[in-house]
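The values are calculated or read from the model by the stated rules, or taken from the named source; none is laboratory data. Small disclaimer: the values here were computed from a predicted structure and weren't measured. Note: ideal-geometry Cβ built from the backbone for every residue, glycine included; neighbour counts use all protein chains shown. Areas reflect the complete protein model, heavy atoms only, side chains present, ligands, DNA and RNA absent. Shrake-Rupley method; radii C 1.70, N 1.55, O 1.52, S 1.80 Å.
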Amino acid sequence: MKYNMFSIKTNILMSIMGTLVQFAAFGYCLFRLWTGDITYGTMTLFLQQRSSLSSAFSNVVSIIPSFLNSSVSAHRIRELVQFPREVHIPESSEMDQYSADGFRVQMQDVNFSYIEGTRVITDSAFEANPGEIVALVGPSGEGKTTMIRLILGLIRPQDGNVTLCASDGSEIPMNAETRHLFAYVPQGNTIISGTIAENMRMVKEDATDEEIIEALKVSCAWDFVEKMPDTINSNVGERGRGLSEGQAQRIAIARAVLRDAPVLLLDEATSALDVTTERKVLRNIIRQHPNKTCIVTTHRPSVLNLCQRVYRVMETKVTELSEEESSRMAMDF
């Protein structure tokens, strides 16, 4: 923005100065021609040279915006180069052998802030075990998505630990090497243009049609897909054009189910579903994959009685609600 503003101001200033110089030179030549000091040919030659000098001067001045443009580009590259590198812990690969048993996701005494001095998460704990549905509830902007980022290892806490625990008791901090153990359905529409099968095979290229259909059944998407002219080979547009928001969400959930990762993260991924379908989808996931750890962030407490634990994220604190509190919240909804 600064560069563009400088370029605009420079162009305006040069245009005004060029016009003033042009009129001044033309008036000066007319005056000398009127007094008989020069001939018309001399006047024409003078004005031609003035144009050449003006063009050369403009070229020199244009170097300044070009230099600023290069400087801005170099600054952006420096920002990328200096960006903190993700943490990779090679020992994380040893956790893969316990994938079939599922993993416990655990946070202890976590403090986190994006901007120094402004806490987003304060002295908070969290736990989700295999075979459980654990909910994160709370108002928008209170830190639910930040919790998901911490769990995925996209960001790291300033204090405390976020760990992945295997069935043999071994633990590993969340990092880039543990991320393949998660299936994540983010907020918003993540459907690309192509067939439904192509969208599904983004996470598993060798998936058979039967596996795709089974995943669609788990997410309650097969109900409408089987009625389409080419079923799973039916085309959809960019961002799921041709599908309702709820249908697009169910396909996105089916894609995560097909991924078959030990931990499933649903970040407001059921917001466009009706309550009955939302509850049915979650039941299907746990029934079909009993060792999967399912973490759901939601504004709607309609599925809280399906959850083994409910955590409320509010005023930077993550607090586990009692069974009575979560039941009351569900009844109020």
Which of (i) 168; (ii) 232; (iii) 159 is the computed volume of the Cα convex hull per residue in Å³? It is (ii)
What accessible area per residue, rounded to a whole number of Å², is obtained for the chain using a probe radius of 1.4 Å? 56
Inter-site label distance for Met17 and Arg241 at 7 Å from Cα along Cβ, in nm: 4.9
Share of accessible surface on carbon and sulfur in the stretch 186-283, whole %, 1.4 Å probe and ligands ignored, is 45
Please give the length that would be gained between Thr42 and Gln82 if that part of the chain were fully extended, namely 0.36 nm times their separation in residues minus their C-alpha to C-alpha distance (nm, one decimal). 8.3 nm
Proximal charge balance of Cys29 [Cβ under 12 Å; K/R count +1, D/E count -1]: +1
If r is the Cβ-Cβ distance from Asn233 to Asp101 and R0 is 51 Å, what FRET efficiency results, to the nearest 0.05? 0.90
Take every Cα pair under 8 Å in the chain that's 6+ residues apart, average their separations, divide by the length, and report that relative contact order as a whole percent. 21
What FRET efficiency would be calculated for the residue pair Glu320, Glu116, taking the C-beta separation as r and a Förster radius of 25 Å, to the nearest 0.05? 0.35
Which log10 I(q)/I(0) values, to two decimals, does the stretch 81-195 give at q = 0.19 Å⁻¹ under the Debye formula with one point per Cα? -1.12
Cleavage-rule hits (GluC sites (Glu not before Pro)) in the stretch 72-172: DSSP loop, at most 14 neighbouring Cβ within 10 angstrom: Glu86, Glu116
Counting sequence-distant residues (5 or more places) and residues on other chains, those with an amide H built under 5 Å from that of Phe103 are Thr293
Gly188 long-range amide H proximity, modeled H, under 5 Å: none
Mind checking the full-extension length gain between Arg149 and Asn291? Use 0.36 nm per residue of separation minus the Cα-Cα distance, one decimal, nm. 48.9 nm
DSSP-defined antiparallel bridges as percent of all bridges, the chain, nearest 5: 55
Just to verify a number: what accessible area does Ser322 come out at with the full protein assembly present, 1.4 Å probe, Å² rounded to tens? 50
By Kyte-Doolittle mean hydropathy of at least 0.5 and Cα axial length of at least 24 Å, which whole DSSP H helices of the chain are selected? 2-34, 63-81
Please work out whether the stretch 214-296 counts as rounded, prolate or oblate from its C-alpha gyration tensor, where a ≥ b ≥ c are the square roots of the eigenvalues and a/c under 1.5 means rounded, while otherwise a/b larger than b/c means prolate and anything else oblate? prolate
Around Lys317 (Cβ within 13 Å, Cβ-to-Cβ, excluding Lys317; K/R +1, D/E -1) the net charge comes to -2
Taking 0.36 nm per residue of separation between Glu198 and Asn129 and subtracting their Cα-Cα distance, the length gained on full extension comes to 21.6 nm
Neighbourhood charge, 12 Å Cβ-Cβ cut-off, centred on His180 and excluding it, Lys, Arg +1 and Asp, Glu -1: -1
Using a probe of 1.4 angstrom, how much of the accessible area of the stretch 1-147 is carbon and sulfur, in percent? 62
Once every DSSP H run of n ≥ 4 in the chain is given -39500 (n - 2.57) and the sum is divided by its residues, what mean residue ellipticity at 222 nm do you get, rounded to the nearest 500 deg cm²/dmol? -13500 deg cm²/dmol
Would you mind getting me the FRET efficiency between Asp109 and Leu306? Use the beta-carbon distance for r and R0 = 30 Å, nearest 0.05. 0.60
Among Tyr311, Tyr184, what's the order by accessible area (1.4 angstrom probe), most exposed first? Tyr184, Tyr311
Links that overshoot a 26 Å alpha carbon limit, given the list Lys217/Lys292; Lys217/Lys317; Lys2/Lys144; Lys204/Lys227: Lys217/Lys317; Lys2/Lys144
